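Novice: Have a look at this one.
The values are calculated or read from the model by the stated rules, or taken from the named source; none is laboratory data. On a predicted model such as this, the values are computed, not experimentally measured, just so you know. Neighbour counts run over all protein chains shown; Cβ positions are idealised from the backbone, glycine included. Heads up: the accessible areas ignore ligands, DNA and RNA and are worked out on the full protein's heavy atoms, side chains in. Shrake-Rupley method; radii C 1.70, N 1.55, O 1.52, S 1.80 Å.
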Amino acid sequence: MSDERDKLIAEVVEKALRGDMDEINNIEDRVTRSKAKAALAKAKRAQTADSPHQIEASDTGESTAPNTLSGNPNQKVGERISEKFPDSRDGEVADTHIQLKPDQWNEIATWLKTEEDLLFDSLQCITGMDLGENVLEARYNLHSMKHRNAIEIRIAVSREIAQIPSIEQVWRIGDWFERETYDMYGIRFTGHRDLRRILLPEDWEGWPLRKDYEVQETYHGIMVPKVKEGWE
Amino acid sequence: MVLNIGPQHPSTHGVLRLQVKTDGEIISEIKPFIGYLHRCFEKHCENVTYEQVIPFTDRCDYLASMANNFGYVVAMEELMEIKVPERVEYIRVIMAELQRIASHLLALGTFGLDVGAFTPFLYMFRDRERILDMFEMTCGARLLYNYMWVGGLSHDLPIGFVESAFRFLDYFEPKIEEYNNILTYNKIFIERTADVGVMPADVAISYGVSGPNLRGSGVKWDIRKDEPYSIYDRFDFDVPVGIGEKGNLGDCWDRFNVRLTEMGESIKILRQALTQIPKNGDVHQTIPKKIRPPKGSIYKRTETPRGDLGFYIISDGSPIPNRLKMRSPAFTALSVLDEIGRGWMLSDVIAILGSLDIVLGEIDR
Amino acid sequence: MSEWRKLPDMGLLENKFNDNVIVAKLDKLISWSRSTSPWFFQFGLACCAIEMMAAAASRYDLMRLGMIPRSSPRQADVMIVAGTVTMKMALRVKKLYEQMANPKYVVAMGSCATSGGPYWQHGYHVLKGVDIVVPVDVYVPGCPPRPEALIEGILKLQEQILEERPLTRKTG
């Protein structure tokens, strides 16, 4: 029986390679259909050198395209951002990070992700930070899977107006990372479709990781701080 | 219909709440609610010294504590520019790879339990107990070790560790074949998991998924090979990638198979490390008396059994960290559940959740 | 240790039957049967849950004590709270405890459930001990406690249950 199945799979893969996908989609048995689709994917990969599925890291660790950011990626990307988006950089220029103003962050993010020789398609981490003196900061660590570059972008806002444009549509993991930063620091990400607390309960008061956080006394009648008598 | 898969449920992944909107039996939306195990890890790190952070990192991903310790210690040593002796490096790699095998055994065992197979769970726990015996022989603890310190280790290997490790490897290597026979190529298991929860590679990268979940979708990315840390560049091992053998590329079966094959690769690394380990060396030699890193920040990633663990440490020159953020791989793995879980039936969602291998302690910190 | 192992004094019926008949108080019979098959409600929250799973697996077998894991509170007698209880979870712990049917017992496993554990000092979201919301019968210390320690805790619980007199009217 499996011989017949193999023959059927070979036929439909042949037809699909010529462009006719109806035969594959009409196979009723789910296992056979999935086997045929897997065989089709393998055949396509064998035909063409690069396909979207195989974002392979080659064994020597270098990408096939020339790496324009070798050396100090933060510095080079910072210069390119200054050229393309004037007046978006903030503060002094440093080697280890790129300091930006919050206004054009969404456009810059889209450009960073789609630009050919940058391709920063992986947002590694968003870290919130309380710098004291009324300044909160969000730090983004970006990484490019193809070119193997890593940069860090910092955006500082004041405590009263803590608002940064949201980039959750650019990198989908930004959704949860931004909710976590909002939960811990109170930085509002404008344009986020569902900004609410993620780790703490919805009715918790305060932003815990700020340096001036005071723990609330009770939560639904339960004492929050360590209060058992006779300790210490 | 809105269904609540509540914070307490028999799938042993921890306290997770899924609010699921269904249309008959087919799911139309999944909303995970986390935070039931939020233990304020980052607030603690801002109030204790750098050495005292290590037991807290243990408890975040409690199934792979050695790997958490390793990630933190590697980041700190790069920040402080400490070079540890050779023997310490080898012991760390040995412990990390043994921990990888133990963690994968538990992940696969509980995945089998979710799908309905009880026997592989017991078999895998039996083998895991032997690894925990070896850890107990070294540092006294079964689950949370506090073993890797900044600049060294807490205890040296006991006499007889290398021989018993070789005995364990000889015992364990044929077991992978046994697991393949019981579970991987089992017809019912294939029906339950092949073609279910397909995660395309670009979705995986956009959601920040890493580790075996990403490799199951065909992307060959492993921090041990691509951004090597410690002495991983001296070992010869392969990185298994899913190829869509039993269904579409990136389904639950692929992720399961990647984890199983990775255990075989860990055995290879262990054999090489156990033969090459230098016989002499003091593990306490380069431990600094007082840890005061220079001012600055660092972001360092290491490969745990679940994916890329990232530590972002900001130091201001004092013995207490200014900010320590732990970027956990299971956090990103859970966020992709909504995307890949739509359109499946309820029991398939449980299988997808099992294949993502999440640990709530790491997600909630 | 446990007095039910000694045959009770049967008075007039002594030596009248072969050793097939035992006469005892109904109280003791009920508390004996309750203590030797406590079905536990697997409430694993954090790291201690892994040790609870290891205790239920093949090396340290919990089933030989008569304990079977149940996932529904209605079918369980003992609730083993294994792991840190947070504020968000504390309300649910209370609800689940109230859903269990009498007689019910609680074992607080691990130092987090006993008193907040390593998170007692700066943990704003951690409940410092599960006995703030539910009454606890046995505390098992350790971080995490070894499976043998959990088994000792269960044996202590069994002794406690044996001493109960469920049919005796309590005055005062």
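Novice: Looking only at region C:33-65, filter to residues that are within 14 Å of the chain's Cα centre (by Cα) and open to solvent by 60 Å² or more (accessible area, probe 1.4 Å); which one of those is farthest from the other protein chains (Cβ to nearest Cβ)?
Specialist: C:Arg34
Novice: When you scan region B:142-149, do you find a residue that is of a type outside the set (Lys, Arg), open to solvent by 10 Å² or more (accessible area, probe 1.4 Å) and more than 13 Å from chain C (Cβ to nearest Cβ), even just one?
Specialist: Yes, the conditions are met somewhere in region B:142-149.
Novice: Look through A:Asp194, A:Asp175, A:Asp203 and report the one residue that is open to solvent by 30 Å² or more (accessible area, probe 1.4 Å) and either under 21 Å from B:Glu362 (Cβ atoms) or touching a Ser or Thr at 6+ places or on another chain (Cβ under 8 Å) (or both). Before the answer, list the steps.
Specialist: On the way: A:Asp194 fails: either under 21 Å from B:Glu362 (Cβ atoms) or touching a Ser or Thr at 6+ places or on another chain (Cβ under 8 Å) (or both); A:Asp203 fails: either under 21 Å from B:Glu362 (Cβ atoms) or touching a Ser or Thr at 6+ places or on another chain (Cβ under 8 Å) (or both).
From the options A:Asp194, A:Asp175, A:Asp203, the qualifying one is A:Asp175.
Novice: Quick check on my filter: what residues within region B:50-67 are assigned to a helix (DSSP H, G or I) and away from chain C (no Cβ under 12 Å)?
Specialist: Those that are assigned to a helix (DSSP H, G or I) and away from chain C (no Cβ under 12 Å): B:Met66, B:Ala67.
Novice: Can you tell me which residue within region B:108-119, out of those that are assigned to a helix (DSSP H, G or I) and more than 12 Å from chain C (Cβ to nearest Cβ), is farthest from the chain's Cα centre (by Cα)?
Specialist: Result: B:Val115.
Novice: In contact with a helix residue (DSSP H, G or I) (Cβ under 7 Å, 6 or more places away or on another chain), closer than 30 Å to A:Ile151 by Cβ and open to solvent by less than 10 Å² (accessible area, probe 1.4 Å): does that describe B:Val359?
Specialist: yes
Novice: A follow-up question, please. Where in region B:159-264 are the helices (runs of 4 or more DSSP H), entirely inside, with at least 1 residues that are open to solvent by 10 Å² or more (accessible area, probe 1.4 Å) and within 26 Å of A:Leu123 (Cβ to Cβ)?
Specialist: B:201-206, B:223-226
Novice: Oh, and also: Say we look at region A:170-207 and pick out the residues that are in contact with a Phe, Trp or Tyr (Cβ under 6 Å, 6 or more places away or on another chain) and facing chain B (nearest Cβ under 10 Å); which of these is farthest from B:Ser210 (Cα to Cα)?
Specialist: A:Arg172
Novice: I need every pair where a residue in region C:122-143 that is more than 14 Å from chain A (Cβ to nearest Cβ) and outside any helix (DSSP H, G or I) has its Cβ under 9 Å from the Cβ of a residue that is among the aromatic types (Phe, Trp, Tyr) and open to solvent by 10 Å² or more (accessible area, probe 1.4 Å), sequence separation at least 6 or different chains.
Specialist: C:Pro135/C:Tyr97; C:Asp137/C:Tyr105; C:Val138/C:Tyr105
Novice: May I ask you to list the residues in region B:297-312 that are more than 10 Å from chain A (Cβ to nearest Cβ) and either touching a Leu at 6+ places or on another chain (Cβ under 8 Å) or open to solvent by 10 Å² or more (accessible area, probe 1.4 Å) (or both)?
Specialist: If the condition is that a residue be more than 10 Å from chain A (Cβ to nearest Cβ) and either touching a Leu at 6+ places or on another chain (Cβ under 8 Å) or open to solvent by 10 Å² or more (accessible area, probe 1.4 Å) (or both), then B:Lys300, B:Thr302, B:Glu303, B:Pro305, B:Gly307 are the ones that fit.
Novice: On to the next question. Considering each of A:Asn141, A:Asn149 in turn, give the residue that is within 10 Å of chain B (Cβ to nearest Cβ) and open to solvent by less than 40 Å² (accessible area, probe 1.4 Å). Spell out how you get there, then give the answer.
Specialist: Working: A:Asn149 fails: within 10 Å of chain B (Cβ to nearest Cβ).
Going through A:Asn141, A:Asn149 in turn, the sole match is A:Asn141.
Novice: Counting residues that are within 18 Å of the chain's Cα centre (by Cα), which strands (runs of 3 or more DSSP E) fully inside region A:68-174 reach at least 3? So that I can check it myself, show each step before the final result.
Specialist: On the way: elements: A:98-100, A:122-132, A:135-143, A:150-158, A:163-165.
Hits in region A:68-174: A:122-132, A:135-143, A:150-158.
Novice: Taking region B:221-244, which residues are without any contact (Cβ under 8 Å) to a residue 24 or more places away in the chain and over 16 Å from the mean Cα position of the chain (by Cα)? So that I can check it myself, show each step before the final result.
Specialist: First, the residues of region B:221-244 that are without any contact (Cβ under 8 Å) to a residue 24 or more places away in the chain: B:221, B:225-226, B:228, B:233.
Within region B:221-244, B:Lys225, B:Asp226, B:Pro228, B:Asp233 qualify.
Novice: Looking at B:His44 and the list (1) more than 9 Å from chain C (Cβ to nearest Cβ); (2) in a helix (DSSP H, G or I), which single condition is not satisfied?
Specialist: Just one mismatch for B:His44, condition (1).
Novice: Of all the residues that make up region B:12-41, how many are within 9 Å of chain C (Cβ to nearest Cβ) and part of a loop (DSSP other than H, G, I, E, B)?
Specialist: 9
Novice: Considering every residue within region C:68-78, establish whether at least one is out of contact with any helix residue (DSSP H, G or I) (no Cβ under 6 Å at 6 or more places or on another chain), more than 14 Å from chain B (Cβ to nearest Cβ), among the polar types (S, T, N, Q) and surrounded by fewer than 22 Cβ atoms within 10 Å (Cβ to Cβ).
Specialist: Checked against the condition, which is being out of contact with any helix residue (DSSP H, G or I) (no Cβ under 6 Å at 6 or more places or on another chain), more than 14 Å from chain B (Cβ to nearest Cβ), among the polar types (S, T, N, Q) and surrounded by fewer than 22 Cβ atoms within 10 Å (Cβ to Cβ), region C:68-78 yields no hits at all.
Novice: For residues that are touching a Leu at 6+ places or on another chain (Cβ under 9 Å) and within 11 Å of chain B (Cβ to nearest Cβ), tally how many sit in region A:91-119.
Specialist: Count: 2.
Novice: Output the residue which, of all residues in region B:41-52 that are surrounded by fewer than 24 Cβ atoms within 10 Å (Cβ to Cβ) and hydrophobic (A, V, I, L, M, F, W, C), is farthest from A:Leu209 (Cα to Cα).
Specialist: B:Val48
Novice: Being of a type outside the set (S, T, N, Q), more than 14 Å from every other protein chain (Cβ to nearest Cβ), touching a Phe, Trp or Tyr at 6+ places or on another chain (Cβ under 9 Å) and open to solvent by 10 Å² or more (accessible area, probe 1.4 Å), is that true of even one residue in region C:98-112?
Specialist: Scanning region C:98-112, I find at least one residue that is of a type outside the set (S, T, N, Q), more than 14 Å from every other protein chain (Cβ to nearest Cβ), touching a Phe, Trp or Tyr at 6+ places or on another chain (Cβ under 9 Å) and open to solvent by 10 Å² or more (accessible area, probe 1.4 Å), so the answer is yes.
Novice: Further question on the same structure: Only one of these is surrounded by fewer than 20 Cβ atoms within 10 Å (Cβ to Cβ) and not hydrophobic (A, V, I, L, M, F, W, C): B:Pro321, B:Pro288, B:Pro293. Name it.
Specialist: Just a single option satisfies the conditions, and that option is B:Pro288.
Novice: Could you figure out which of (1) touching a strand residue (DSSP E or B) at 6+ places or on another chain (Cβ under 8 Å); (2) surrounded by 15 or more Cβ atoms within 10 Å (Cβ to Cβ); (3) within 14 Å of chain B (Cβ to nearest Cβ) isn't true of A:Ala162?
Specialist: Of the numbered conditions (1) touching a strand residue (DSSP E or B) at 6+ places or on another chain (Cβ under 8 Å); (2) surrounded by 15 or more Cβ atoms within 10 Å (Cβ to Cβ); (3) within 14 Å of chain B (Cβ to nearest Cβ), the odd one out for A:Ala162 is (3).
Novice: Within region A:63-86, can you find the residues that are farther than 27 Å from A:Gln99 by Cα and either modelled with pLDDT of 65 or more or surrounded by 13 or more Cβ atoms within 10 Å (Cβ to Cβ) (or both)? It would help to see each step written out before you state the result.
Specialist: In the first step, residues of region A:63-86 are kept if they are farther than 27 Å from A:Gln99 by Cα; the result is A:63-65.
Passing the criteria: only A:Ser63.
Novice: B:Ile34 fails exactly one of the following numbered conditions: (1) more than 18 Å from the chain's Cα centre (by Cα); (2) at positive phi. What is the number of that condition?
Specialist: Going through the list (1) more than 18 Å from the chain's Cα centre (by Cα); (2) at positive phi, B:Ile34 breaks only (2).
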